[in-house]
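Okay, so here's the structure we're looking at.
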Amino acid sequence: MENSIIKVLDLHKSYGDFEAVKGISFEVYEGEIFGLLGPNGAGKSTTLEIIETLRKKTSGSVTVNGLDLDVNPNEIKKIIGVQLQASGFYPGLNLTELINLFAGLYNEAVDPMELLEKVNLKDKAKAKFKELSGGQKQRFSIATTLINKPKIIFLDEPTTGLDPQARRNLWELIQDIRKQGTTIIITTHYMDEAEVLCDRVAIIDNGKIIAIDSPSKLIDDLVETGFERPVQVKKANLEDVFINLTGYTIRED
Ligand code: ADP
């Protein structure tokens with residue numbers, strides 16, 4: 001029996017007259033990579049930001065690691081890791097200084113080099129955030145979610161805009177973090193990514209969850225209905241060509 005680390009029950013959120021989240025319920029199990037998928041405007045960010053204690057809900061209940069959001073928001077903050085927007089990284093500070101700054105805010109003792117090593121950025125310890133490539137920026141932003149040694153981290157479209165190599169590299173990083181016992185909630189618009197990474201996904205549309213299960217089960221359910229993908233005439237796609245020609249090594253230095 002899986003252990004639920006997040007429980008969301010009948011969550012509603014209205015912005016004025018507009019109901020963005022219309023009574024959703026789901027659970028996230030400890031140690032899983034859980035994907036929140038859905039078209040733009042579906043209500044993903046609203047839902048995540050409510051769980052992250054950053055936005056107020058209209059009604060419903062949220063429990064994180066046994067802590068009730070209405071009673072213990074500050075305790076919840078201590079056990080979750082949230083990615084900052086790039087604009088939150090002071091442009092004049094290098095990566096070591098930024099980590100020390102955030103560690104100070106969290107009141108945590110952190111060895112910057114150890115943390116940078118985890119995300120393969122030790123060589124960039126003295127570089128400024130703005131000097132990093134897209135993939136490096138994302139890896140650094142993920143590193144900052146780990147500063148307070150959280151039980152759960154939230155990743156909002158972590159691979160958007162990255163090249164195929166950097167995207168794969170980030171998948172490995174996310175899988176490594178999970179192997180160490182951290183629960184991960186991720187949003188993505190890339191279904192191949194969700195299929196590779198996520199143990200389970202919830203698909204949200206118009207503020208409602210319309211499906212929730214493992215990618216494999218959702219695919220099997222669709223096939224059961226008689227759905228067939230148009231026959232593939234080629235055994236590879238353009239991404240295979242790209243990776244085959246340019247290799248898996250990340251190029252950002
Ligand atoms: P997603 O992350 O799935 O793209 P959001 O949660 O950002 O969706 O948005 C859901 C809906 O709520 C959208 O229609 C969006 O325009 C609306 N919305 C989000 N934030 C606000 C806000 N602060 N004020 C008013 N409407 C908002």
For the condition within 16 Å of the ligand (Cβ to nearest atom), of a type in the set (Lys, Arg) and crowded, with 21+ Cβ neighbours inside 10 Å, what is the one hit in LYS56, LYS13, LYS22? LYS13
Give the residues of the stretch 93-110 that are assigned to a helix (DSSP H, G or I), of a type outside the set (Val, Ile, Thr) and touching a Leu at 6+ places or on another chain (Cβ under 8 Å), sorted by residue number. LEU95, LEU101
Would you check if there is a residue in the stretch 29-39 being in contact (Cβ under 8 Å) with a residue 60 or more places away in the chain, within 16 Å of the ligand (Cβ to nearest atom) and exposed (fewer than 15 other Cβ atoms within 10 Å of the Cβ)? yes
Of the conditions (1) away from the ligand (no atom under 14 Å from the Cβ); (2) without any contact (Cβ under 8 Å) to a residue 60 or more places away in the chain; (3) farther than 26 Å from ASP213 by Cβ, GLY66 clears all except one; give me its number. (3)
Pairs where the first residue, in the stretch 1-24, is within 15 Å of GLU49 (Cα to Cα) and polar (S, T, N, Q) and the second is part of a strand (DSSP E or B) and modelled with pLDDT of 95 or more, C-beta under 8 Å, 6+ apart: SER14/ALA20
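The values are calculated or read from the model by the stated rules, or taken from the named source; none is laboratory data. Source: prediction; values computed, not measured. A quick note on method: Cβ atoms are made from the backbone with ideal geometry, for glycine too, and the neighbour counts reach across all protein chains shown.
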